Amino acid sequence: MAEIVLGFGTAHGPLLSTPPEKWDLRAEADKKNPNHAFRGGTYNYDELLKLRKAENLSEQNVISVRVERHGRCQKQLDYLTEKLAATKPDVILLVGDDQREWFMEDIQPAFSIYYGDEVINTAYDEEKALSMAPGLAYSMRATHPPKAQIYPCEAELAGRIIEQAIEDEFDISASKSPPVGPKGPKGIGHAVGFVYRRLLNDKPIPLVPVLINTFFPPNQAKPKRCYEFGLMIGRAIKNWDSDKKVAVCASGGVSHFVIDEEFDHRILNAMQEGDFQTMFDEPNSMFRSGTSETKNWIVTAGILAETGFKMNLLDYVPCYRSDAGTGNAMAFATWAQE
Ligand SMILES: [Fe+2]
């Protein structure tokens, strides 16, 4: 039977791929954003600055701290790269969110499993990158290869997960080919692109993309449902009649683009302790904007729940890019046999 050999979680935010002295490009955009999501409320930059004044976040938004934190993130990304190379999984099941990359307003699946034979990571497009918000060209360069790459997919396992889902009364979406846009089949999104570029150097370990709508109202699943969805995938892997070794990846999170260290610690601690009720008690209003990607970790924790693996938080790094607390808190973890 198939075996889960490793679980791992990695943030994938733009600051990981942006030199610390350039984080201000994104901070400038934050100042113009009237809708920052933070603990159930929505604030403009000045309101956020006032709200968080007592935290003295400006002390953490200086170049020396940014450089140290960026370095800590790179260290963990390098560690995960080595860990994957040493583990040599046959398949990576990657839990990520679709951020209007494949799915748009016309069809927005809450949970979808891709069971086609391959996906494309489209080439870096300089013209598109320069037309985007300031600073985002760095992350686009990190998630897109110089030339389009084909990543093979493990369609058999994806098919087993779909069967298991229907058996277990999860009426999920199933996708066999990428949606087609004006330039042809759409490229797979940043949640996969970042991991395949940064951790696998485009080495095409067959993939099962599990795409969750964490970001966009109105159909984001609640934390408990995400966990149960993960349990179902865990059963499907366990029942897969194959000798393949499977790694499971949570891509994204934790709190951003307003950092909430309390929230992150509450969730990450609960995950380490197997205290799932604490996660289930968090309302959906806490999982908005990029912070919503933390649900990818909850799904992953569900998948790994019956392996007996222990979660090891490698590092938690709050990368502040403004005095108002905007930025991206990064988490890196593995789940493995003790
Ligand atoms: Fe993301």
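The values are calculated or read from the model by the stated rules, or taken from the named source; none is laboratory data. All figures in this text were calculated on a predicted structure; none of them were measured in a lab. Backbone-built Cβ (ideal geometry, glycine too); neighbour counts: all protein chains shown.
Could you tell me how many of the residues in region 164-186 are surrounded by fewer than 17 Cβ atoms within 10 Å (Cβ to Cβ), farther than 16 Å from I233 by Cα and not polar (S, T, N, Q)?
Number of matching residues: 8.
Consider region 174-210. How many of its residues are of a type outside the set (A, V, I, L, M) and touching a Phe, Trp or Tyr at 6+ places or on another chain (Cβ under 7 Å)?
Adding up the residues that qualify gives 10.
Could you check how many residues of region 306-338 are modelled with pLDDT of 95 or more and more than 19 Å from the chain's Cα centre (by Cα)?
Looking only at that region, the number is 7.
Residue-wise test of (1) part of a helix (DSSP H, G or I); (2) more than 18 Å from V119 (Cα to Cα); (3) of a type in the set (G, A, S).
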{"site": "E156", "(1), (2), (3)": "yes, no, no"}
{"site": "G159", "(1), (2), (3)": "yes, no, yes"}
{"site": "E163", "(1), (2), (3)": "yes, yes, no"}
{"site": "A174", "(1), (2), (3)": "no, no, yes"}
{"site": "I188", "(1), (2), (3)": "no, no, no"}
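Looking only at region 283-313, which residues are in a strand (DSSP E or B) and either hydroxyl-bearing (S, T, Y) or surrounded by fewer than 19 Cβ atoms within 10 Å (Cβ to Cβ) (or both)?
Residues satisfying the conditions are K310, N312, L313.
Can you pull out every residue in region 274-302 that is within 15 Å of the ligand (Cβ to nearest atom) and among the small types (G, A, S)?
Within region 274-302, S289, G290, S292 meet the criteria.
For region 7-29, give me each residue that is in a helix (DSSP H, G or I), farther than 30 Å from K245 by Cβ and within 16 Å of the ligand (Cβ to nearest atom).
P14, L15, R26, A29, listed by residue number.
Looking at region 241-266, which of its residues are within 16 Å of the ligand (Cβ to nearest atom) and either in contact with a helix residue (DSSP H, G or I) (Cβ under 6 Å, 6 or more places away or on another chain) or not in a loop (DSSP other than H, G, I, E, B) (or both)?
Within region 241-266, C249, A250, S251, G252, G253, V254, S255, H256, F257, V258, D264 qualify.
Residues in region 84-107 that are surrounded by 14 or more Cβ atoms within 10 Å (Cβ to Cβ) and within 16 Å of the ligand (Cβ to nearest atom): how many?
9
Does any residue of region 136-146 turn out to be more than 18 Å from T300 (Cα to Cα), surrounded by 15 or more Cβ atoms within 10 Å (Cβ to Cβ), in contact (Cβ under 8 Å) with a residue 40 or more places away in the chain and polar (S, T, N, Q)?
Looking for residues that are more than 18 Å from T300 (Cα to Cα), surrounded by 15 or more Cβ atoms within 10 Å (Cβ to Cβ), in contact (Cβ under 8 Å) with a residue 40 or more places away in the chain and polar (S, T, N, Q), one finds at least one in region 136-146, hence yes.
Q74 versus (1) touching a Phe, Trp or Tyr at 6+ places or on another chain (Cβ under 9 Å); (2) under 21 Å from C249 (Cα atoms): which is the lone unmet condition?
(1)
For residues in region 159-207 being out of contact with any His (no Cβ under 8 Å at 6 or more places or on another chain) and of a type in the set (F, W, Y), which is nearest to the ligand (Cβ to nearest atom)?
Out of the qualifying residues, it is Y196.
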